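Colleague: Mind having a look at this structure? Questions to follow.
The values are calculated or read from the model by the stated rules, or taken from the named source; none is laboratory data. Here the structure is a predicted model, which is why all the values come from computation and not from measurement. Note: ideal-geometry Cβ built from the backbone for every residue, glycine included; neighbour counts use all protein chains shown.
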Amino acid sequence: MNATLQLARARLGRSPSQTATQVVVLAAAVALLGAMIVFIGHSLQTMTASATRSVPLDLQGPVRSYAEARTLAAKIAQLPYVSQASPAATAPFTGVSHSGPEGISSAGNGSILAVPPDYSRKVDTFRFLRGSLQPGQIVLDQQLAATLQAQIGDSVALRNGSSPTRRFRVSGVALVTSPDLLFQPLQPQLGPAPAQPPANVAILALGTFARTIAPHLHSLSPASIGSPAVPGAQAGVQWQVQVQVSPAALTGTPSHAFTRSGQIRNSLERTFTGRIGFVDNLSSALETAAEDALYADALFIMLAVPGALLGLGLAYLAALGTVERDRRELALLRARGASRRQLLGLVAIEAAIVGSLAGLLGAGLAFTAVALLIKGSVGLTVARAVTVVVACIALSMAGAQAARLATGVRMLSDTVAEGRRSVRRTSRPLWQRLYLDLAALVLSGLIYWLTASTGFSAVVNPDSNPTLSLSIYTFFAPALLWIGTTLLLLRVRGRVFELVAKRLAGNRPSARRGFLLASAARRGAAINRGLLLVGLLLAFGVSLGIFAATYDQQAGVDAQLTLGADVTATAPPA
Amino acid sequence: MSGGAAATGRLAECRGTSVCYGRDGSAVTALADVDVAIDAAEAVALWGPSGSGKTTLLHLLGGLLVPSAGSVLWRGEPLSSLDSAARGRARAGGIAYVFQGSNLLPTFTAYENVAFAAWAAKRAGARAQLEPDELLELVGLASKLDALPSELSGGERQRVAIARALAQAPDLLLCDEPTGHLDSDTAGRVLDLLDALRGRFGFALVIATHDRDIAARYPRLIGLADGRILEQASS
């Protein structure tokens, strides 16, 4: 093994320019795939981050009492994947009034949100426009403050049915940004159900609320279906624990983050079995993002797979550069007594060395290209960087191994004398004898016919569930069409081109054109390689076209589903 | 033979030529102060062991190599001082090679290999007396016109190479171990063929060989060793 390794190194080192050319071409080829992995990975992670950020309140767990809310929140806050856990409560009020210089202003019923004073530092369900939340005082939603014409320092009276009216000094005005989540009915079995938010919202410090308002209202039971589905009709105090999941726990693709968020919720519920169940706003948002990410997956399938094939083809072509020399040298070694195993080991080691170098260089090129093309951070984690490097190395090694091992195997199946020939006799390849090109085209047509006759479409119609549905079988038809067309091109070259070239060259060429055509007619391998590359490029182009058409069609369907008509964008009047 | 008539007088000459490969401490002297002249229609054998400088001298005479010192003349004109393109034109106009390996173009048939050389020579102003198929018939390959090099034996390939050289209508044919890859019977037939063709077309022949018996077939022998001429004999 050691001798084989040394021989492989010597063979590569003795022709540094050829080795370098192979490495550079392979690297350029695999850089395409590497860049695509980085880019799509970045896009998916951006979707995850965006979906996570869009959820102001991750988990809401209804509990029986203030004490239990405080106890559980304190325990949950200690867990590693939790960034914030707060006890909170919501309750109705029947009216609020303010006596000012211009008389008494009143507002109708609404809801109270009770949270700890430091709540808004980590939870983004409301933000202060003026002032802050102070124990014993009240913060008014800006709409309510406007209705009451109340300012900071004024006193407002809060009524709640038969309970005594309570007066609070206004300590701030806030904009409640997520009233639909804050005041939704909390039924863990049913999940999130954001609904029409209350018209008037007042915010109290949780301790103040527990001391002044809560004793006069009954507490809603977590298991009670009696929790009203209509906001404003809430009959009692809804104690709850609000939990924010640590963003560090939600990485990767939206579907991965969705799975993870579900695991976190289950873990919480198992840890406090029977004491709390959660309404999972986070999973709901991530599930939607994961469905949207199907577009990215489709993008990957439609772009990266043909791109990878293109890269593999280029890698194969790059590795073919030294095939003829390899064939003669390997035959010479075989003539000197080297075993088949030793020779295959030699070419495998050479391909591994070239592939590794090219993979590393390709990954570097990919990172550089993405860094240059995408502004800002691409969120490249160590794991993803390693994935890209491994993918690049694997692809370049596959390309190098395919060409070299094919040469080695072919040489071993020939006689030594045939292998040492400077010019080889050629025979029809196996796929031509098996008519795989025609088989692929027929199968492609059959799948197209089947999908068309069953009315299946990759794009949903307005009558169906508005979720993108992709079947792997949908991709078989174009894939087989690409393969069949490319192979047919090769076969056509082998027959028609040779006949045409021969006819044009004439039997006895005597001028430049004749010599060129005569030579071209016999350069089957080189022309086949060129055609293969053209085929792959065509496949890439068709793939892009199909994706663009599918995307446009889906966007049109989405617009019709949402608005009932196509959207027409017009420039604003000058 | 160039232009259809045999040349007369002195064709090629090396005057005090030396060739060194490498530089400074690693320099190797392949030829040292060699004087050789080749006249029209004569046959000369360059004989010597491997590394004696035979191939280097052939390359000098054919303008493939520029000497480190001294000069090379072709038909009295300095060849070594010409640029590469001009030396190429001079070669196409009268100097042909037959190498140890036939060096045929692999995607051309036997006919096309010869026809291509004829076409290139014609562009340089030379015209062979015979057409490519006639030249192949002359070397005994009339039935192999459409055979690719991979379909020919070693002796057949070498005969195609000779026909290809003749298609250039050479005044000087330089052969570098033309029988090195052949068995003795085939080698004998190739040498006989070269002699017959020289008799018919009147070109000068310089053949490099390490085989003393082959060298002895020719009326003039130049012996080389370590880049120097050891003997010159004419019979």
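Colleague: Step by step: first the residues of region A:504-535, then only those that are part of a helix (DSSP H, G or I), surrounded by fewer than 16 Cβ atoms within 10 Å (Cβ to Cβ) and at pLDDT 70 or above, then the one that is nearest to the other protein chains (Cβ to nearest Cβ). Which residue is that?
Modeller: A:512
Colleague: Among the residues of region B:58-69, are any in contact (Cβ under 8 Å) with a residue 24 or more places away in the chain and within 14 Å of chain A (Cβ to nearest Cβ)?
Modeller: No, region B:58-69 contains no residue that is in contact (Cβ under 8 Å) with a residue 24 or more places away in the chain and within 14 Å of chain A (Cβ to nearest Cβ).
Colleague: Can you tell me which residues in region B:114-126 are at the interface with another protein chain (Cβ under 10 Å from one of its Cβ atoms) and surrounded by 20 or more Cβ atoms within 10 Å (Cβ to Cβ)?
Modeller: Result: B:115, B:116, B:118.
Colleague: Okay, moving on. Determine whether region A:39-52 contains at least one residue that is among the aliphatic types (A, V, I, L, M) and either surrounded by fewer than 16 Cβ atoms within 10 Å (Cβ to Cβ) or modelled with pLDDT of 80 or more (or both).
Modeller: No - not one qualifying residue is present in region A:39-52.
Colleague: Still on this structure, I have one more. Condition test on residue A:474, is it assigned to a helix (DSSP H, G or I), modelled with pLDDT of 70 or more and of a type in the set (Val, Ile, Thr)?
Modeller: The answer is no for residue A:474.
Colleague: Tell me the residue from A:179, A:231, A:164 that is touching a strand residue (DSSP E or B) at 6+ places or on another chain (Cβ under 8 Å) and modelled with pLDDT under 85, please.
Modeller: A:231 is the lone residue from the list that is touching a strand residue (DSSP E or B) at 6+ places or on another chain (Cβ under 8 Å) and modelled with pLDDT under 85.
Colleague: Out of curiosity, is residue A:69 out of contact with any helix residue (DSSP H, G or I) (no Cβ under 7 Å at 6 or more places or on another chain) and under 23 Å from residue A:260 (Cα atoms)?
Modeller: Criteria not met by residue A:69.
Colleague: When you scan region A:125-134, do you find a residue that is assigned by TED's automatic domain parsing to the domain that holds residue A:283, small (Gly, Ala, Ser), at positive phi and in contact with a His (Cβ under 9 Å, 6 or more places away or on another chain), even just one?
Modeller: no
Colleague: Can you tell me how many residues within region A:160-183 are surrounded by 18 or more Cβ atoms within 10 Å (Cβ to Cβ), polar (S, T, N, Q) and either assigned to a strand (DSSP E or B) or outside the structural domain of residue A:241 (by TED's automatic domain parsing) (or both)?
Modeller: 2
Colleague: Any idea which residue in region B:74-112 is surrounded by the most Cβ atoms within 10 Å (Cβ to Cβ), counting only those that are over 17 Å from the mean Cα position of the chain (by Cα) and within 14 Å of chain A (Cβ to nearest Cβ)?
Modeller: That would be B:110.
Colleague: Right, here's the next one. Take the residues of region B:134-147 that are part of a loop (DSSP other than H, G, I, E, B) and within 13 Å of another protein chain (Cβ to nearest Cβ): which is surrounded by the fewest Cβ atoms within 10 Å (Cβ to Cβ)?
Modeller: B:146
Colleague: Going by the conditions given, is residue B:150 surrounded by fewer than 24 Cβ atoms within 10 Å (Cβ to Cβ), modelled with pLDDT of 90 or more and in a helix (DSSP H, G or I)?
Modeller: no
Colleague: May I pose another question? If I go through region A:12-34 residue by residue, how many of them are surrounded by 15 or more Cβ atoms within 10 Å (Cβ to Cβ) and either in contact with a Leu (Cβ under 8 Å, 6 or more places away or on another chain) or modelled with pLDDT of 80 or more (or both)?
Modeller: 13
Colleague: Still on this structure, please answer the following. Anything in region A:253-288 that is surrounded by fewer than 24 Cβ atoms within 10 Å (Cβ to Cβ), among the small types (Gly, Ala, Ser) and within 15 Å of the chain's Cα centre (by Cα)? List them, or say none.
Modeller: Listed by number, the residues that qualify are A:255, A:285.
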